[in-house]
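The values are calculated or read from the model by the stated rules, or taken from the named source; none is laboratory data. Small disclaimer: the values here were computed from a predicted structure and weren't measured. Here the Cβ positions follow ideal geometry from the backbone for every residue, glycine too, while neighbour counts run over all protein chains shown.
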Amino acid sequence: MKIANKYFSSLLLLGLLFINSCKLQSELPKIITEEIPVPQLESSIIEIPVEVNLQPIINFANSKADKVIRNPEYPNFATFEGVEGPRASYDVIRDALTGSMQGNMFKVGTTAAYGIAGDYCSEIVWGKCIHPRIPFSCGTNGEGKRKVKIGFSSKVEITSSYGLKTQTVVSEVTPIDPCQMTFLKIDMTNKVMDAIRPSLIECAKFIDEQSKATSFKSLAQDAWKQLWTPIEIEGYGFLCINPNEISVSQLNGQGQKLKFNIGLRANPKFTLTKDSTLKIPALPALKTNAKSNSEFVFNMPIISSYNDLTNHLKKNFNEKTFKSEDGKQTVLIHDLSIAGKGNSTIVLEMNCDLKLGIKKFKNATLIFTMKPFYDSKNQMLELRDVQLQSDKKHLLLQAGTELFQKVIAKKIQEYGKTDFKPILESNKKSISDQLHKQLDKNTTLNGQVNNLKILGVYPLENNLIIHTQAIGVMNLKMSDYSFE
């Protein structure tokens, strides 16, 4: 009776196998239908130290500021101290302006030549001069002009509208050569200095007014456009920085170098193809940033297709035959493709010829599911939990467990490993190379990526999203520029 039952069971199993042999195709469980949301990366904070050559500002000041300062009544005399004092006219001719930074103060100075001519009343009665006024001159009427050192100090700020704001004061009026009328024993030097000081104060006001009219907005617009232009990383794709906020630190410097930090808040991403629909937003208002740091932190998603992983596996599987240990089960793989289905799962669909015992199948379809896992310690992307998907009626597929799970699944897991260490090192170098750019003939960008790492891997339906973080330094040098 036991023998009959065993024989009957075998016939039943064989019958079921034949019933299900018309088309052999595994099926994807219906539970995998909805993509999981990808975590939002934090905005990237990018600090770019900027070094500006001050000479263009000095050249601008030289071209705009008057070279000659005279008393308002010139060539007529001005009265210094009422009727009892001297009357005189003067002119001051400055040399070229020089400038330098001392902390956040911009120091502008020059040496000037001055001359004065006038007359002096020796005795006043009832408010009138009772003697003929005595003429005098200093640095005029054939005499060599006297010298004086003149200096201005300006506290410089950059405004939210990308302009300049200065607070300028007269910091020095120091005579080099005295102006003394020897025959009267009267030293006119301080009186001349006091006389020309109001004109210098007006000059300081003029500097502040000119600063208000100065704008770096066209330079900022060009830089903003450059930052929004995708950077091609040859052989890989395009880096888009996507800034949304720009700030500036307090100005500082020494000598001819003005230094400050430009801060960017951005949402960079890396794509395999250039985005032709990219629209550059308007330049935002400039914010003030109290911090100064030379480091940038890119939190950047890399948007990749499944083609690279598919092609990698095809090299190891297409038109190759795999067997079970006893040789009774074989599979010849013709083609395969990979796609995402969400829930941290990717799906591999395989077209193959199968031999399961005495039964053969042409163009069978096998579907495997698996989960990508990134081993951050070894910088290795792996395919884990590789499983053949089969519902209960596919008894033949269940019968081929040894072949599918012990051989094919194991091989998928073995060949699906991707060592990201050389890829990250190569990308780190490529990005660093691209951060060394001549933005224009006067502006140079220098950058270096010191660390590039993967934060997470997320399989979507059409793309594999790889969250990465790049940490490095960047600086910008401006040798020359013009003003609006």
Strands (runs of 3 or more DSSP E) wholly in the stretch 55-119 with at least 3 residues that are farther than 12 Å from A195 by Cβ - which ones? 98-102
Can you tell which of N311, N316 is more than 23 Å from Q448 (Cα to Cα), in contact with a helix residue (DSSP H, G or I) (Cβ under 8 Å, 6 or more places away or on another chain) and either not aromatic (F, W, Y) or not in a loop (DSSP other than H, G, I, E, B) (or both)? N316
Would you point out which residue out of N363, N351 is at pLDDT 90 or above, over 30 Å from E425 (Cα atoms) and outside any loop (DSSP other than H, G, I, E, B)? N351
Search result, residues across the stretch 418-462 that are hydrophobic (A, V, I, L, M, F, W, C), under 26 Å from N311 (Cβ atoms) and either within 19 Å of the chain's Cα centre (by Cα) or loosely packed, with under 15 Cβ neighbours inside 10 Å (or both): I431, L452
Within the group T110, T79, which residue is among the polar types (S, T, N, Q) and modelled with pLDDT of 80 or more? T110
Among strands (runs of 3 or more DSSP E) entirely within the stretch 225-283, at least 2 residues that are surrounded by fewer than 20 Cβ atoms within 10 Å (Cβ to Cβ) and under 12 Å from the mean Cα position of the chain (by Cα) occur in 243-248
